Structures are given as C-alpha cells and as structure tokens.
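Okay, so here's the structure we're looking at.
The values are calculated or read from the model by the stated rules, or taken from the named source; none is laboratory data. All figures in this text were calculated on a predicted structure; none of them were measured in a lab. Note that we place each Cβ from the backbone using ideal geometry, even for glycine, and neighbour counts take in every protein chain shown.
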Amino acid sequence: MGRITDCFENLRKDKGKALIPFITAGDPVPESTVPLLHALVKGGADIIELGVPFSDPMADGPVIQRSSERALKHGTSLSDVLGMVAEFRKDNTYTPVILMGYLNPVEIMGYQTFAKRAHSAGVDGVLLVDLPPEEADALQSELKHFDLNQIFLLSPTTSDERLARICSKASGFLYYVSLKGVTGSNRLDVADVAEKIAHIRSKTDLPVGVGFGIKDPATAKQVAGFSDAVIIGSALVERINQLARQPEKLTQEVTDFLSGLRSAMDTA
C-alpha cells in the first residue's frame, strides 16, 4: 500500500492526526537538509514535505520564496534533492517523504527518469503546484509505474466538478489550501475551513490535510480537530532562516518547535 497509506491507516486506528512539516531542500545550506529531516521526525513529524527549490515559486509567499533563493545560491538541484532523500533513507525507512515543487525541473529531467530516480531514492509522493489534473496523465502514468503517489491541491474556490476530477486522480491524500493567496498568508477562518473539509470528505475517502495559515500550536490544534493532517510550512521555514547563523542550535530548535505542535495536536 505504501508508506503514506500505511501512515494514515495507523493514525486512524489510534485516532491520531498527521503532522506534515515542509522545509526547502538546501536551505539554509545543503548539508543541513538531512539532519533537519531527522530533526523533524524526532519532533513528531508523520510525513515530510521536502521542497524542491525553484526560481519562480509562484504559489509561495516571501518566506518560502527566499528559502528557494538561498538553496539555489548553493546550486541545489532536483538531483541533489533526490540524493538527500536517499541519504535520509539510510537511517529512516518508515517516514513518508513527498517532494513538493514545480513542474519545470521534472520536465527537464524527464518524467520516466524522474519517477525511477525518485522511487530509488525513497520518495513516496509528488505534489507539483503548477500541474493541474487535466494535464497530469503523462507524468501520472510514470509515477504509478513506480508506486509513487500524486497529491493535488484543493482550494476554497474548487468546484464540485473539479473536486470530483481531482479525487479521481489523486492518491495518498488531498492537500486543502485553507486560504486564498500564497503560503504564509494570515486570517485563517477555522470554522469556514472545517465546513469545507466536511464537504470534501463527503466526496472522497482520501485523507485530507490542511495547509496555509497554520503558524502555532493553537491553530494546529484547531485544525487537527477536523482534518486528517496539519501541514505547516512558512512558520517553520522562517525559524530555520532565523537560526541559519546558529547552526549548532538549528536541529534542536526545529525539533522543539515541532514537538510543541505535536503536543497540541494530540490534545485535539
């Protein structure tokens, strides 16, 4: 069934919710990424989203944009990211890893080559922000061949027709963007998001994770009360940036930050 499906099924048995942190590979420096991945697991991450740096991350707010810029300054490529996952897998064979990013680097590598190398590295899923389901068939056939999940985004403006189309193609889980705007946005209306998640669940059996606007233990706890997963990106990436000049504190601070979210979620 794969690590992502197993993760959600095990959590469901224990009435738990997945904590899914996002970091950008290569930020603040490439050699920090694998230690950070292990720090996230130590802090309570159930699944990890690993961002592939891209020069034009149109769906991302300034915090994650700057993290891509920092990673690209060090020359971090898609091949490097796959190498980081492979290194992580030497000590962790159970935590699902999802690559999140944009289509261009995958197209340059080639769909078949990418899918094969991602599978060999230990990647479990792919979320490409700028690849709509209507245009995903060619890549999806390669991903399926190598047992890789393809995760799609849903938004507050997704129609029922489009929701059905996305659900028919998605696997692993669905990522609900809780706000209109880019990553790092504010003004999370928890009641409205809860209503939208209930509607999505009436249309699919796939787990639904919520991201955008989750910044602290309080909001993580609220969202865990009605979703299958809490996804946190900008608030974590900003902390990594703040600690870039204190590398000796980086992994422990990240573990502590995530532990606070985990503890709050477990009381939801």
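For LEU206, are the conditions met, namely being touching a Gly at 6+ places or on another chain (Cβ under 7 Å), in a loop (DSSP other than H, G, I, E, B) and either among the aliphatic types (A, V, I, L, M) or surrounded by fewer than 21 Cβ atoms within 10 Å (Cβ to Cβ) (or both)? Can you show your working first?
Numbers: touching a Gly at 6+ places or on another chain (Cβ under 7 Å): no; in a loop (DSSP other than H, G, I, E, B): yes; either among the aliphatic types (A, V, I, L, M) or surrounded by fewer than 21 Cβ atoms within 10 Å (Cβ to Cβ) (or both): yes.
Answer is no for this residue.
Looking at GLY2, GLY44, which one is within 22 Å of GLY172 (Cβ to Cβ) and out of contact with any Leu (no Cβ under 6 Å at 6 or more places or on another chain)? Explain how you work it out, then say what you get.
On the way: GLY44 fails: out of contact with any Leu (no Cβ under 6 Å at 6 or more places or on another chain).
Just one listed residue meets the conditions, GLY2.
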>> So for the stretch 206-226 (the condition being in contact with a Phe, Trp or Tyr (Cβ under 9 Å, 6 or more places away or on another chain) and small (Gly, Ala, Ser)), does at least one residue qualify?
In response: yes
>> Which condition from (1) touching a strand residue (DSSP E or B) at 6+ places or on another chain (Cβ under 9 Å); (2) within 26 Å of GLN252 (Cβ to Cβ); (3) modelled with pLDDT of 95 or more; (4) of a type in the set (A, V, I, L, M, F, W, C) is the one that VAL34 breaks?
In response: (1)
>> Please go through the stretch 219-233 and give me each residue that is surrounded by 24 or more Cβ atoms within 10 Å (Cβ to Cβ) and either outside any loop (DSSP other than H, G, I, E, B) or modelled with pLDDT of 95 or more (or both), ordered by number.
In response: ALA220, VAL223, ALA224, SER227, ALA229, VAL230, ILE231, ILE232
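Within the stretch 53-137, considering only helices (runs of 4 or more DSSP H) that don't extend past its boundaries, which have at least 2 residues that are of a type in the set (Asp, Glu) and out of contact with any Lys or Arg (no Cβ under 7 Å at 6 or more places or on another chain)? Can you show your working first?
Values: elements: 62-73, 78-89, 103-109, 111-121.
Per the criteria, 78-89.
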> Which of the residues spanning the stretch 6-18 are over 15 Å from the mean Cα position of the chain (by Cα) and either among the aliphatic types (A, V, I, L, M) or part of a helix (DSSP H, G or I) (or both)?
Replying inline: ASP6, GLU9, ASN10, LEU11, ARG12, LYS13
>> Please go through the stretch 52-85 and give me each residue that is under 21 Å from ALA118 (Cα atoms), at pLDDT 95 or above and touching a Gly at 6+ places or on another chain (Cβ under 6 Å), ordered by number.
In response: VAL52, PRO53, ALA71, THR76, VAL85
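Each row is one residue, and each column tells you yes or no for (1) of a type in the set (Asp, Glu); (2) loosely packed, with under 14 Cβ neighbours inside 10 Å.
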site: LYS90; (1), (2): no, yes
site: TYR102; (1), (2): no, no
site: TYR111; (1), (2): no, no
site: ALA115; (1), (2): no, no
site: GLY125; (1), (2): no, no
site: PRO133; (1), (2): no, no
site: ASP160; (1), (2): yes, yes
site: ALA170; (1), (2): no, no
> Would you pick out the residues in the stretch 37-72 that are basic (Lys, Arg) and more than 28 Å from ASP91 (Cβ to Cβ)?
Replying inline: ARG66
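For the stretch 157-179, does any single residue satisfy the condition of being of a type in the set (Val, Ile, Thr), touching a Phe, Trp or Tyr at 6+ places or on another chain (Cβ under 7 Å) and either farther than 18 Å from ALA229 by Cβ or assigned to a loop (DSSP other than H, G, I, E, B) (or both)?
Here is the first cut: in the stretch 157-179, the residues of a type in the set (Val, Ile, Thr) are 157-158, 166, 177.
Adding the requirement that they be touching a Phe, Trp or Tyr at 6+ places or on another chain (Cβ under 7 Å) leaves 166, 177.
From what's left, either farther than 18 Å from ALA229 by Cβ or assigned to a loop (DSSP other than H, G, I, E, B) (or both): none.
The answer is no, given that none of the residues of the stretch 157-179 is of a type in the set (Val, Ile, Thr), touching a Phe, Trp or Tyr at 6+ places or on another chain (Cβ under 7 Å) and either farther than 18 Å from ALA229 by Cβ or assigned to a loop (DSSP other than H, G, I, E, B) (or both).
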